[in-house]
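Below: one structure, written as structure tokens.
None of the figures in this text is laboratory data; all of them are computed from the coordinates on show. Keep in mind that what you see is a predicted model, and the values were worked out from it rather than measured. When we count neighbours, we look across all protein chains shown, and the Cβ atoms used for this are built from the backbone with ideal geometry, even at glycine.
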Amino acid sequence: MEYRFLGKSGLKISELSFGTWITVGDQTDVEGAFQLMKQAFDSGINFFDNAEVYSKGNSEIIMGKVLKKAGWKRSDLVISTKIFWGGEGPNDRGLSRKRIIEGTYASLKRMQQDYVDLIFCHRPDIHTPVEETVRAMNQIISQGMAFYWGTSEWSAAQIKEACHVARANNLIPPLMEQPEYNFFRRQRVEMEYLPLYEETGLGTTTWSPLASGILSNKYVEGIPEGSRFSLKQYKWLRDKRLDSPEGKEKVLKAAKLKKIADQAGLTLPQLAIAWCLKNPHVSSVILGASKPCQLKENLKAREAVPLLDDTIISKIEEILANKPEGEKDWRI
């Protein structure tokens, strides 16, 4: 396992990391999660990602029990959580100072931790002034509840504004962004955030490298029992990601991409994850797995990165036909 600096900080995180969305709490119990996290840790993964909303808080509870059972040295771990959706009350959503502080306390209690290493604003909040959010995150760090803060699915303009507010008020700016990044979602990581990598030292911990499982190629002939799209509570995800016209087109492209993977001696998930790792602006690719065999297969992706030469990349681009382009030069 290789370790990359998180943006321009001195913190190193594993290039592959373990995420708990949908899997921990919805598909696995404490024992199942323990086996997966131990497998991840033994492979060199040090970054474990969570969020208060995952499995309505149960994912954090399970992770806390796993960490206590495993007994790993805390300084060997990089643990994160994300704050935004904490419940149904009028102040249980968003990024107000009250929501952030109370949400962080609740997350730490569920995970049985004194602090998290990384804390993210899970989505932008158009109702809360950016300065209020930045000051709340600064308070979280100054009180030792987290070491670094960042954003998830924020636009480049929103991140830049938060950095400007922080520096203007001598506060800590966001260090990292957690965007979706895969064959089908590329614009932000490859184009929109491009100026921020140098200007603000932005790091990225990207999620869904397999596009919610579509790039596992298991949905060509329907929805397998036990997969995330078979879960009743994620029908909204199936409707949006799989059953839509765009989703059906992605399934067809996944079948074509599998042929490229076969020719390279890789599985399609390994090809997809290695492609994400090849981007130098990606600090870590978050993996999600509900079975040890899935995790074992996906961990091999790091060995596949050197295989992705110009010829293979060209074949991938031909199928995807979605490479982000810069601003048009109207003088040409």
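With kT/(6 pi eta Rh) evaluated at 10 °C and eta = 1.306 mPa s, and Rh the Kirkwood radius from Cα pairs, segment 101-172 diffuses with a coefficient of 126 µm²/s according to Stokes-Einstein.
For a label point 7 Å from the Cα of residue 317 along Cα→C-beta, name the residues of segment 141-185 whose backbone N is under 20 Å from it. Output list for this probe position: 181-185.
The mean of 1/r over all distinct Cα pairs in segment 1-105, once inverted, gives the Kirkwood hydrodynamic radius of 14.7 Å.
Return the whole-Å distance between the Cα centroid of segment 7-68 and the Cα centroid of segment 108-161. Between the Cα centre of segment 7-68 and that of segment 108-161, the gap is 19 Å.
The Cα atoms of segment 239-332 define a convex hull whose projected area, averaged across directions, is 8.5 nm².
Compactness of segment 249-299, taken as the C-alpha radius of gyration over 2.2 N^0.38 Å, stands at 1.21. Please give me, ordered by residue number, the trypsin sites (Lys or Arg not before Pro) of segment 1-71 that lie in loop per DSSP and have at most 16 other Cβ atoms within 10 Å. Passing both the DSSP loop test and the Cβ count: 8. Take segment 277-328, drop everything but the C-alpha atoms, weight them equally and run the Debye formula without solvent; then report log10 I(q)/I(0) at 0.12, 0.15, 0.18 Å⁻¹ to two decimals. Log10 I(q)/I(0), no solvent term: -0.41, -0.61, -0.83. When the chain is treated as a GNM with alpha-carbon contacts under 10 Å, the residue of 322, 50, 217 showing the greatest mean-square fluctuation is 322. Summarising the label geometry, the points placed 7 Å from Cα in the beta-carbon direction at residue 4 and residue 139 lie 3.4 nm from one another. At q = 0.10, 0.11, 0.15 Å⁻¹ the log10 of I(q)/I(0) for the chain amounts to -0.58, -0.70, -1.34, computed by Debye summation with a single uniform scatterer per C-alpha, solvent ignored.
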